[in-house]
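The values are calculated or read from the model by the stated rules, or taken from the named source; none is laboratory data. This is a predicted model, so every value here is computed, not measured. We place every Cβ from the backbone using ideal geometry, glycine too, and count neighbours over all the protein chains shown. Heavy atoms of the whole protein, side chains included, go into the accessibility calculation; ligands, DNA and RNA do not. Shrake-Rupley method; radii C 1.70, N 1.55, O 1.52, S 1.80 Å.
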Amino acid sequence: MFKLLTKPGVTPSPRMVAQVQAKVKEAGLPSELAPIFAARMETAEALADDDFQGLLKMLRNMAKSFSLSAADLAQYLEEALGDPEAAAGDDAEDAEGEERTGTTMQVFSRVKALAQAARPKTAPRTGMSRSEGANPAPSRAGQNRMVTMLSAQILSGGRGPSNGEQLKLSDIAMQCARAAGHRPMSLSEGVRMAMHSTSDFPTILAGSLGNAVARRLEQVPPALLRAAHRVDANDYRDSHLLSLSASGIPQEVNETGEIKHVTIDDTGELKPTPRDFGAIFSISNKAIVNDDLGLFNQIAQKMVAGAIERQRRVLLEALLANGGAGNLMKDGRPVFHADHRNLATTGAALSIESLSAARLALRTQRGTQGELYSFEPFALVVPPQLETLAQQLVAQLTAASVSEVNPFSNTLEVIVEAGLTDPNAWYLIADPSKHDGLAYAYLDGQSAPDVRTKEGWDRLGMEFRLVWPLDARFVSYSSWFKNPGA
């Protein structure tokens, strides 16, 4: 078995030093180690020995795991080779004056022991705190800091924050493994240890992805969401809006002083009932060890794209149900029906005249007891095919005369929903923040998907599960008017 002298025994030639330096550099180790090895090699043939190559590999992995500087690693190697305890009794020459030798494993074990003993002084900042005693405990503040930083890095496309500090998945895994009390000797071992439930690594990854998905959903929601309003849903049970019997209009009190009762109950329109939607994504150990944050960012992008499309489809379900007539209402009729006075009897292309007719229909909408709603038009909802025409109609015009003034200028928004299937149909709606109409609900206020993670079982890596309970439906038909177009 190959052995190294535990004390400098030879004066290496420049050529020998150059050869050792080449091997050290090839192994990814600092050049400061070359003279130490060269002075303890009896022959140049030792450079090709498998044991020596194994020692270099072990030192490289340990240096990366412990984040050792070149000076520290050189110091520990000098101490390990200069300490006679580094050599086992059976492998050492016991005669006084003879040079003692050490096998590669003995040398490595001594270097590792010295690095571990000095670790509190040389370990980098991890954002984790260690408790007194044998079992370290993660710092909640440190965990939150990592989640915040990694979320920002994902949102920026993999770039570090403004202060230049950039996180790597492998570094986070190593820090979490150490904070959990493990002593990984390599990156791959650190990643494997970090994936266990005792580590904060899964929590940090899930929290970072969840934050990034939620932030991007806020920034790029489906267009149709602007035409809807949110209602509460605390569970999965069907529930209804409050309903007023007779009329909620105060009636004149007659001579007897009798005031008529108005009964409030929950027999109104059915509210959205959340349904669970989910997907599973995975990332391999190899990607984590290789610091492939780009792949992690791609997972976040796919989660966001999938969540946006799911929300769009849920909203469109209510609008496009029954051949485009909308979901069924309490009276058994679809949203857009002649009896609801919200459907044009004859389709017409977008124009000032057809918009005027739609506005009149909204203004004169009445409730079940004949009460006038007098809705003010808020937005045009159109498919992409009508986007340009819609924008032209509501744009500010420089009028040459009073008769040419566009009555809809600066009063209407244009909401372009790419998921609308009819290229001719368009809608005029009242303000969803003020009036019931198309409504959506999240389970217990969960306005973004829930992202959780666990160690992969069928493949080496991490699995990320995205679950989002939501639903949408019309809870009132009066605030929407549809024209089938022409």
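General observations
- Pairs spanning more than 19 Å between alpha-carbon atoms, out of Lys25/Lys64; Lys23/Lys168; Lys64/Lys454: Lys23/Lys168; Lys64/Lys454.
- 15 Å beta-carbon shell around Lys434, net charge (K/R +1, D/E -1): -1
- For Glu455, solvent-accessible area (1.4 Å; no DNA, RNA or ligand), Å²: 70
- Three-way shape call for the range 419-486 based on the alpha-carbon gyration tensor, with the a/c threshold at 1.5: oblate
- Per-peptide average of other Cβ atoms within 10 Å, ordering 337-349, 440-452 highest first: 440-452, 337-349
- Accessible surface for Ile36 stands near 10 Å², nearest 10, in the context of the full protein assembly shown (1.4 Å probe).
- Whole-percent carbon and sulfur share, accessible surface of the range 282-400, 1.4 Å: 50
- Within the shell defined by Cβ-Cβ distances under 12 Å, the residues around Ala425 carry a net charge of -1, with Lys and Arg each +1 and Asp and Glu each -1.
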